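Student: One structure follows; several queries about it will come next.
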Amino acid sequence: MSDHAISLRQIEFTHANLAQEGAPFRLRIDELDIDAGSVVACIGPSGSGKSTMLDLISGIHAPAAGQLTVAGHAMHALDAEARRSVRLKEIGLVFQNLALVEYLTAYENILLTTFIDSTSVGDLKKRAQELAETLEIAHLLKRRPNRLSQGERQRVAICRALVTSPKVLLCDEPTGNLDPERSARTIDLLLSAGSASGAAVVMATHDHTLLDRFDKVVDMNQLLGVST
Amino acid sequence: MTGALRLGLLYALRHRAQTLVVAVCIAATVGLPVAANLVLSHYQRQLNSRAESIPLVVGAKGSRFDLAFAALYFKEQPVEPVKMSLFTEIAQDPNVIAVPVHLRFTARDKPIVAVGVDYFTLRGLRPAAGSFPLLLGDAVLGASVAAELGIGVGDTIFSDQRELYDLSVPPPLKLRVVGVLEQTSSADDHAVFTGIETSWVLTGDYHGHMESTEIDESLVMARTADHVAVSPSMAEFNEITDENIYSFHAHGDPELLPITGVMVFPDDMKAHTIIKARINNQGDFQAVDPGKLVGELFDVVFRVKVVFDWLILLMGVVTVLLVSLVSLLATRLRATELETLARIGASRSYLALLVTMQLVISLAIGVAVGLSGAYTTLIILKDSIYTM
C-alpha cells in the first residue's frame, strides 16, 4: 500500500464520450504521488485532461489500466459502488461553479453529504459549525445561496468539501469566473483550509499567476513528468 | 431513505407553488370520484332504508315520485290532497296498518308533518324526552330540529305565516312542544310532528272560538235562534290551551278533510299485493312502492354517473400527463443539483429515489387532501338529503 495520499502508476484512461476531433479521449499518467498536507496545482489548456484526472482520483471514472491509490484505497481494484463510498467519506470536492443547491440554506448545503449518508450527522454538524466560524460565515448559515455574495458562496462550498474531514481535497477550477484579486483570495482560503485539515489538495486551474502558492504543479502537457 | 425523504421534503417545502399545483391536481382526481361515490352510496343507503321501511304509499294520481318523496322524505311537492275517507277505507282492511300523513305547513322553515300516532311505533321512533303528540296543538320535534332551534319539551313553536295579506287564512298557530325524538339519521330528525287534526287547524278546517253566549255584543252583527253572525274582527284562537281545546271543532265531516296520502304497512307480501292491486285498479288513487321507486331513481342516477366516471378518468389521464410533465421539468431544473449529489457520492438509486420522492410527497399530500375533502364533503352533505 502506498504511503502517499494519492498515488498514480501507469494510469491509462480512454473515454469515447469525451472524443476530441473524432478520436476517443486518451489520458496516460506514468507516475504521480501527492503527499498528505501538500498542495498541488494541475495546469493545462481546456481538454488536456485536468478534470478527467480529478475524476479518476475521486473514483467517478475508473482507469483502464494502472494502479491508483487514494487515501489508502486501491481505487483501480474497486467497483463503482465501493469507489462511491470512498468518495463520500475520504474525498472533498469543490466545483468550478460551486454547485450549491439553491433551495437549501448555507448550513444545509454544508451538510449535503448527510442527506446521502446520515451515519455521523452529529459529528458533522459540530464540524460544520467549526468550519463556518473559521471561514467567518457562521452568521450566514440560515441564508440561501441567492442571498450570499460570490465570496460567501465560495466559503460555503469549501466548508461543504471539508466537513467530512477528507484526506483528499479536489478543486476543479474554483476560481474560473473570478477576477485576479478574488482568485488569489479564494486560492489562499482553499489552501489554508485544506492544509489546516491535513488533506492533500489537488487543484485544477488555468491561472498561472498563482502557481507559486502550490507545493507542486502538474502540467497536463507533460503527462510523463511532474514539474515542481 | 431518510436522507432522500428529508431532501425531498425540503424541496417540496421550498417549491410550494409547484408542489401545490401537483397536489391539487392529484387531490381533485382522487377526491372527486371518492366524494361522488361516498355521497351517492350514502344517499342510496338512506333512501333505500327509508323506502324499504314504508312498503306502500297511497295518494292522488299524478307523479309517483312526488307522492313518495312527499310522504317519505317530507319534501313539499305539488301533490293533490286526498280526503281522510281514503285512510278510513284502507284502515278497514284487517291485513294492513294505515297511517295518514298530511304535509303542507312549516314551522321555522321545518316541515310540519301531521301523522297518525301509529307512525311512531311502525317507524320505531322513540322520544328522547317527553311523549308523542296526542292532543290537538301538540308537537314533537325531530332531534336535529330540536338541536338546531335550541328548543325542547315545554317550549312552543309557531307555524310559519302562509299569507300575510289574506285574512281568510288562519294565522300562525302556537304549538306546544311535548316531545323530542331520538336521533335516527333520517328525515324524521328534520321534521316537526303533529297529529292530523292539528294540521286541519292550520288549514282552517278546524278552529276554536268563544261560545256564542260569551261573545262581546259589539262583535255581533246579527243573531237568530240558530245562528250568530259575528264581525271578522273577532279573532280565532291561535293557541290551543287546556281551557280552549274543547272549543275546537270542524265545520263539516272530518272524513272530507284533506291529507297528503296514506302510508300502508301490510302484514305480508300477499296483503301488500292485494291492497296495491285494489287501489291501483280502482283508478281514483295510486299505490306506489317506494323501494321500487328508489331503485328506478338510482338506475337513472347510475346511468348518469357512468358519464361522470368517464370524465373523471379523462381528468385522471390529464393529471398523470401534467404530473409527468412537471416531474420531467423539475428533474431538468434539478440537473445541476443531481449531478452535484452524484459527484459527491450519491448512488443512482439514491438519485432515482430523490426524484421519485418529490412525486411521492406531492402524491401523498394530494391523496390526503383529496380523501379528507371527500370525507368532509360527505359529512357536510350527508344530512342535506333531508333538507334540500
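Student: Of B:VAL288, B:VAL326, B:VAL192, whose Cα points farthest to the positive end of the dipole of chain B (charges on the beta-carbon: +1 Lys, Arg; -1 Asp, Glu; origin at the Cα centre)?
Tutor: Checked the options; the winner is B:VAL326.
Student: Residue by residue through the stretch B:248-254, which ³J(HN,Hα) values in whole Hz follow from phi under the Karplus form 6.51 cos²θ - 1.76 cosθ + 1.60 (θ = phi - 60°), with glycine and proline marked x?
Tutor: The phi angles translate into 6, 7, 9, 8, x, 7, x Hz.
Student: Let me ask another. Per residue of A:27-38, count partner chain C-beta atoms within 10 Å of its C-beta, then hand back the mean as an integer.
Tutor: The mean count of partner-chain Cβ atoms within 10 Å per residue comes to 0.
Student: May I pose another question? Around B:ALA107, which amide H atoms from residues at least 5 apart in sequence, or from another chain, sit under 5 Å from its own amide H, with H modelled in the peptide plane?
Tutor: Counting only residues 5 or more places away or on other chains, the set is B:ILE112, B:ASP160.
Student: A further question on this structure: Give me the one-decimal nm value for the distance between modelled label points at B:LEU322 and B:SER347, 7 Å along each residue's Cα-to-Cβ direction.
Tutor: 3.6 nm
Student: Hull surface divided by four, with the convex hull built on the Cα atoms of the protein assembly as shown: how many nm²?
Tutor: If you wrap the Cα atoms of the protein assembly as shown in a convex hull and average its projections, you get 46.0 nm².
Student: So, one more: Give the range of the longest stretch in chain B that excludes all GluC sites (Glu not before Pro) found in loop regions by DSSP and having at most 10 other beta-carbon atoms within 10 Å.
Tutor: Formally, the longest exposed-site-free interval is B:1-162.
Student: When the Cα atoms of the stretch B:1-55 are enclosed in a convex hull and the volume is divided per residue, what value in Å³ results?
Tutor: Enclosed volume per residue, from the Cα hull, is 97 Å³.
Student: Local charge sum around B:LEU293 (other residues, Cβ-Cβ under 12 Å, Lys/Arg +1, Asp/Glu -1)?
Tutor: Neighbourhood net charge equals -2.
Student: Go through the stretch B:139-156 residue by residue and turn each phi into a ³J(HN,Hα) via Karplus (6.51, -1.76, 1.60, θ = phi - 60°); whole Hz please, and just put x for glycine and proline.
Tutor: After applying 6.51 cos²θ - 1.76 cosθ + 1.60, I find 9, 10, 9, x, 4, 5, 4, 4, 5, 5, 8, x, 10, x, 4, x, 7, 10 Hz.
Student: Shifting gears a bit: Using alpha carbons only, how many degrees (0 to 90, rounded to 10) separate the axis of helix A:180-196 from the longest principal axis of chain A?
Tutor: The angle comes out at about 90 degrees.
Student: Using only Cα atoms, tell me the angle between helix A:150-162 and the longest principal axis of chain A; keep it within 0 to 90° and round to the nearest 10.
Tutor: 70 degrees
Student: Rounding to the nearest 20 debye, state how big the charge dipole of the protein assembly as shown is about its Cα centre with +1 on each Lys and Arg Cβ and -1 on each Asp and Glu Cβ.
Tutor: Its charge dipole is roughly 3000 debye.
Student: Based on DSSP H assignment, which helices of chain B show an axial Cα extent of at least 27 Å together with a mean Kyte-Doolittle hydropathy greater than or equal to 1.0?
Tutor: Helix filter hits for chain B: B:290-333, B:348-381.
Student: Ok, one more. Count, for each residue of A:78-88, the Cβ atoms from other chains sitting within 10 Å of its Cβ, then give me the mean as a whole number.
Tutor: 2
Student: For the peptides A:153-165, B:361-373, what is the packing order when you average, over each peptide's residues, the other Cβ atoms within 10 Å and list the highest mean first?
Tutor: Going by the mean number of other Cβ atoms within 10 Å, highest first, we get A:153-165, B:361-373.
Student: For B:LYS292, go through the lysines and keep the ones whose alpha-carbon is under 19 Å away, minus same-chain ones fewer than eight residues off.
Tutor: Cross-link targets: B:LYS61, B:LYS75, B:LYS270, B:LYS276.
Student: Next up: Taking the Cα centre of the protein assembly as shown as the origin and placing charges on Cβ (Lys, Arg +1; Asp, Glu -1), which of B:ALA143, B:THR376, A:PRO166 is farthest toward the positive end of the dipole?
Tutor: The Cα lying farthest towards the positive end belongs to A:PRO166.
Student: Skipping prolines and chain starts, which residues have an amide H placed within reach, meaning under 5 Å, of the one on B:LEU175, given they are 5 or more residues away or on another chain?
Tutor: Under 5 Å from the amide H of B:LEU175: B:ILE157, B:PHE158, B:SER159.
Student: Also, quick follow-up: Show which lysines lie in cross-link reach of A:LYS50 when reach means a straight Cα distance below 28 angstrom and same-chain residues fewer than eight apart are skipped.
Tutor: Those lysines meeting the cut-off are A:LYS89, A:LYS167, A:LYS216.
Student: Treating each Cα of chain B as an identical point scatterer and ignoring solvent, apply the Debye formula and state log10 I(q)/I(0) at q = 0.06, 0.07, 0.11 Å⁻¹.
Tutor: Here log10 of I(q) over I(0) equals -0.41, -0.51, -0.86.
Student: Okay, moving on. How far is the Cα center of the stretch A:123-140 from the Cα center of the stretch B:330-388, in Å?
Tutor: 34 Å
Student: Please work out, to two decimal places, the log10 of the ratio I(q)/I(0) at q = 0.09, 0.17 Å⁻¹ from a Debye calculation in which every Cα of the stretch A:91-214 carries one identical scatterer.
Tutor: Evaluating at q = 0.09, 0.17 Å⁻¹ gives log10 I(q)/I(0) of -0.22, -0.80.
Student: Mind listing the long-range amide H neighbours of B:ALA129? Cut-off is under 5 Å, sequence gap 5 or more, other chains count too, H placed in the peptide plane at 1.01 Å from N.
Tutor: Placed amide hydrogens put B:VAL180 under 5 Å from B:ALA129.
Student: Given contacts defined as C-alpha pairs under 8 Å and at least six residues apart, what's the relative contact order of chain B, whole-number percent?
Tutor: Relative contact order, chain B: 31 percent.
Student: Now for a separate question. Applying the Karplus parametrisation 6.51 cos²θ - 1.76 cosθ + 1.60 with θ = phi - 60° to the phi angles of the stretch A:46-61, what ³J(HN,Hα) value in whole Hz is obtained for each residue in order, glycine and proline being reported as x?
Tutor: My calculation for the stretch A:46-61 gives 4, x, 7, x, 4, 5, 5, 5, 5, 5, 5, 4, 7, x, 5, 10 Hz in order.
A short reminder: the numbers here are calculations on the coordinates, not readings from a lab. The shown structure was predicted, so the numbers you read here are calculated from the model rather than taken from an experiment. A quick note on method: Cβ atoms are made from the backbone with ideal geometry, for glycine too, and the neighbour counts reach across all protein chains shown.
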